[in-house]
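As structure tokens, the structure follows; a few thoughts come after it.
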Amino acid sequence: MQDQHIVSSYDRDLQGIQAMIMKMGGLVEVAIADAAKSLATRDLELAEKVRANDKLIDALEEQVNAEVAQIIALRAPTAGDLRTVLTVMKIAGNLERIGDYAKNLAKRTSVLAHMSPIEGASGAIRRMAKEVEVMLKDVLDAYIQRDADLAEDVRQRDQDVDQMYNALFREFLTFMMEDPRNITACMHLHFIAKNIERMGDHTTSIAEQVVYLVSGAAPEDARPKSDTTSFEVGGQGT
């Protein structure tokens, strides 16, 4: 009976941190959408809301880490359960980083709001952000359902985000070469696009954690990447 009571308490602990992960994921999804919307509509109030709400995401990560540490110390989880709690901690870390990138996007919105808009840029960035937002929703579903196939699908879709980033990068270069007055705005927009591309990378990291959680092994193949901009920039300097 005592062992059953311990198991029941342990299950409640796991359910508690899983609930925190889902709450954190929901906040991050909203942060991505609101940050992109604030840029498209030049809504400084919404951008400030994104920045303020990042503190809630940070607090949840700290709470998850504290709960994980307590579980490890008090419950002495077996190998399978230890894999679960360590995966939760890594997922929380990735979610916190995605939240930071959304906050950075919102910060640049306040700067760009006072500059002449670059034609088509905010719409393209919003579509890119939506792609990452959907990836994040799917990977959180994969985590809850312990669905390695869905997680692997998310992992492969990171290439789509990379390709959208590559296209934006080239577009911003063109705008800057055509008119030097576009340089400052395009540089800010480029950093925003890069932040969204990094959100995709962290979402992919969560997908890899889900695959590991379900199968006990990390994906065997290298993560697919389609970001060619580093090579292109390097090539231009030679």
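Tabulated results
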item: Carbon plus sulfur fraction of accessible area for the chain, probe 1.4 Å, in percent; result: 53 percent
item: Inter-label distance for Arg12 and Ile72, nm, one decimal - labels placed 7 Å from Cα along Cα-to-Cβ; result: 2.4 nm
item: Shape of segment 90-155, Cα gyration tensor, a/c cut at 1.5; result: oblate
item: Cα centroid of segment 141-179 to Cα centroid of segment 8-29, whole Å; result: 27 Å
item: 1.4 Å probe accessible area per residue over segment 133-175, in Å²; result: 41 Å²
item: Asp179-Asp149 pseudo-label distance in nm [points 7 Å out on the Cα-to-Cβ vector]; result: 5.1 nm
item: Hits among aspartates and glutamates - C-alpha to C-alpha of Lys137 under 12 Å, sequence gap 8 or more where chains match; result: Glu29
item: Cut-off 16 Å, label 7 Å out along Cα→Cβ of Arg42, residues of segment 121-152 by amide N; result: 121-123
item: Karplus-derived HN-Hα couplings along segment 42-47 (A = 6.51, B = -1.76, C = 1.60, θ = phi - 60°), whole Hz, x at Gly and Pro; result: 6, 8, 5, 5, 5, 4
item: Highest average packing first - 163-176, 61-74, Cβ atoms within 10 Å; result: 163-176, 61-74
item: Whether segment 48-146 is rounded, prolate or oblate, judged on the alpha carbon gyration tensor where a/c under 1.5 counts as rounded; result: oblate
item: Using alpha-carbon coordinates, inclination of helix 2-41 to the longest axis of the chain, degrees; result: 10 degrees
item: Listed peptides 106-117, 190-201, 19-30 by packing density, highest first (mean Cβ within 10 Å); result: 190-201, 19-30, 106-117
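The values are calculated or read from the model by the stated rules, or taken from the named source; none is laboratory data. From a predicted model like this one, the values you see are computed outputs, not experimental measurements. Positions of Cβ are backbone-derived with ideal geometry, glycine not excepted, and every protein chain shown enters the neighbour counts. Just the protein is used for accessible areas: all its heavy atoms, side chains included, with ligands, DNA and RNA removed. Shrake-Rupley method; radii C 1.70, N 1.55, O 1.52, S 1.80 Å.
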